[in-house]
Amino acid sequence: SWANGTGQIIGTGWDAFATVISGGDGILYAIDAAGNLSFFRDLARDGSEQWANGGIAQVIGDGWGNFAAIAGG
């Protein structure tokens, strides 16, 4: 269930990514159409919009568009 019982928007613009997965513990990974892997970290984890690095994607890898499937942890 959602932390506040109803769900809440904590960010927008995720449609810029082909894939978004959870890394657990407030971490999200996103892969864009070019295969770049980006890292996001939710600082508050309480439904408020408080992202590390001001919410700007931190590209941490490339070539991820070659995978047919990936899973988060």
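This table checks each residue for (1) touching a His at 6+ places or on another chain (Cβ under 7 Å); (2) at pLDDT 85 or above; (3) among the polar types (S, T, N, Q).
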residue	(1), (2), (3)
ALA18	no, yes, no
LEU28	no, yes, no
GLY35	no, yes, no
GLY47	no, no, no
GLN58	no, yes, yes
ALA69	no, yes, no
- prompt: How many residues does the range 26-73 contain that are open to solvent by 80 Å² or more (accessible area, probe 1.4 Å), in contact with a Leu (Cβ under 8 Å, 6 or more places away or on another chain) and of a type in the set (A, V, I, L, M, F, W, C)?
  reply: 3
message: Would you confirm, using the coordinates I've provided, whether GLY11 is modelled with pLDDT of 95 or more, surrounded by 11 or more Cβ atoms within 10 Å (Cβ to Cβ) and in a loop (DSSP other than H, G, I, E, B)?
response: no
- request: Can you give me the ranges of the strands (runs of 3 or more DSSP E) entirely in the range 14-68 with at least 2 residues that are among the aliphatic types (A, V, I, L, M)?
  value: 17-24, 27-32, 58-61
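The values are calculated or read from the model by the stated rules, or taken from the named source; none is laboratory data. Predicted model, so just to flag it, every value in this text is computed and none were measured. Cβ atoms come from the backbone with ideal geometry, glycine included; neighbour counts cover every protein chain shown. Accessible surface areas use protein heavy atoms only, side chains included; no ligands, DNA or RNA. Shrake-Rupley method; radii C 1.70, N 1.55, O 1.52, S 1.80 Å.
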